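Let me begin by presenting the structure, written as structure tokens, before commenting on it.
The values are calculated or read from the model by the stated rules, or taken from the named source; none is laboratory data. Just so it is clear, the structure is predicted and the values come from calculations on it, not from any experiment. Note: ideal-geometry Cβ built from the backbone for every residue, glycine included; neighbour counts use all protein chains shown. To get the accessible areas, we keep the full protein, side chains included, count just its heavy atoms, and leave off ligands, DNA and RNA. Shrake-Rupley method; radii C 1.70, N 1.55, O 1.52, S 1.80 Å.
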Amino acid sequence: MQVSLGIFLAIVAGIIGFVVGGFVIPLINARADRRRAEQAGPTRLDVLRAVYQQAPYALAVVDRHQDVVLFNRRADELGIVEDRLLIEPVWTAAHATFVDDRTSVFDLPAKMAAGRRRIPSVSGRCEILQGHGEQFVVVFADDDSEHRRMEAARRDFVANVSHELKTPVGAMAVLAEALLESKDDPDSVEYFGGRVVSEAQRLGKMVTELIELSRLQGAERIRDPEPVDVDDVVDEALRRAAGAAETAGIELITDSPSGLEIKGDWTLLVTALANLIFNAINYSHERTPVSITRGISGDTVMLRVTDRGIGIAPEHQTRVFERFFRVDKARSRATGGTGLGLAIVKHVAQNHNGAVSLWSRPGTGSTFTLELPAHVEPDSGGTTPATEHVDQGEDQVP
Ligand code: ADP
């Protein structure tokens, strides 16, 4: 009995020893290691891994056998790695780098990936990974659709401007030749001379407006907005347009002074309103009225210019605010138009944190409305002196 108890105890001790030695101690050690690692914080490798995963551009490292040994999330999102291999055009660039030991670049057009995922246009470069005996190439890539869009817009703009400037310059050359040929005919000299002057004036206006537009597009918001008296703006814009209105036999009608104020830039506001009035005159029939009204709705000042002119077809109504867009080029040219007036109005409104809207019907007329933030006196409890000036206008021809 004594002997079997001893054997039994020895077996139990053996089992305990086996369990403790084989399972419990390694478990305790592993836990202790984990705790130590937690207390010691992440290793430099952990940090590096997190950084390249989080990088806003794509990174991939490839060996000579086309195997991608490392790549980050962005590389996957931009579709330059598929099934742990570089896609073909990127591998072609990487391979060229292995062969020539030189940086190579690639540009990929936008495409639809599986699952209708849209992958933007991507550009990148491949370089030998330094310090590893030319074993690896590292690929850097990024989404460059915004850059391509800006480049296309810039090319477009330069092409448009060159074309628009060439037209009056070409016309002036032809007119000057005609002038030289008709030096013995005073009537022709007067006619061609007058046309040279008007083309030169149009060219000058276009250059001035282009400079103005590029200044407006460059600035996000009006830098030092000041309280601007709306009635002063209306008076000055009317004064500028009075001559043109008289020549065209158009009566400019306006409502009574409002006492309203806008926070903004006086010169730009006058330019914008005058552009709208000039257009209303230019695109109206003789002896029809053009009206200019002011009002306030909530904390937005409304300046409206309404004509009973030719109107604008619905399909052209958003396009008229694009630079150089004209519904009828010949008519715009005949009135000395540049196609930039409404683009300037739009940018002046945007830079004032406002907007310009349009109501129009062909054959009936148009109403352009400038909507601009009212200036509120700090001690007026949020009420401008003229909030009683109720805005009754609808975006319609009266
Ligand atoms: P433009 O110098 O040609 O007048 P704008 O940018 O001022 O250029 O206007 C663009 C185009 O919008 C004009 O060419 C014309 O076709 C149209 N437009 C502008 N204002 C009016 C209006 N009040 N009535 C009818 N059409 C207009």
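Search the range 156-174 for residues that are touching a residue at least 60 places away in the same chain (Cβ under 8 Å) and pair each with any residue that is open to solvent by less than 60 Å² (accessible area, probe 1.4 Å) and assigned to a helix (DSSP H, G or I) when their beta-carbon atoms are under 7 Å apart and the residues are at least 6 apart or on different chains.
Every condition considered, the pairs that remain are 164/206.
Identify the residue in the range 296-328 that is at positive phi and open to solvent by less than 60 Å² (accessible area, probe 1.4 Å) and, among all such residues, is nearest to the ligand (Cβ to nearest atom). So that I can check it myself, show each step before the final result.
Residues of the range 296-328 that are at positive phi, as a first pass: 298, 311, 324.
Subsequent filtering for residues that are open to solvent by less than 60 Å² (accessible area, probe 1.4 Å) retains 311, 324.
Details: 311: 6, 324: 8 Å.
That would be 311.
I'd like the full set of residues that are under 20 Å from residue 322 (Cβ atoms) and either within 23 Å of the chain's Cα centre (by Cα) or in a strand (DSSP E or B) (or both), limited to the range 355-370.
To start, the set of residues in the range 355-370 that are under 20 Å from residue 322 (Cβ atoms) comprises 355-360, 362, 366-370.
Within the range 355-370, 355, 356, 357, 358, 359, 360, 366, 367, 368, 369, 370 meet the criteria.
Does residue 291 qualify as being in the same structural domain as residue 335 (by TED's automatic domain parsing) and assigned to a loop (DSSP other than H, G, I, E, B)?
Judged against the criteria, residue 291 is not a match.
Restricting attention to the range 215-234, which residues are under 17 Å from the mean Cα position of the chain (by Cα) and free of Cβ contacts under 8 Å to residues at least 12 places away in the same chain?
215, 218
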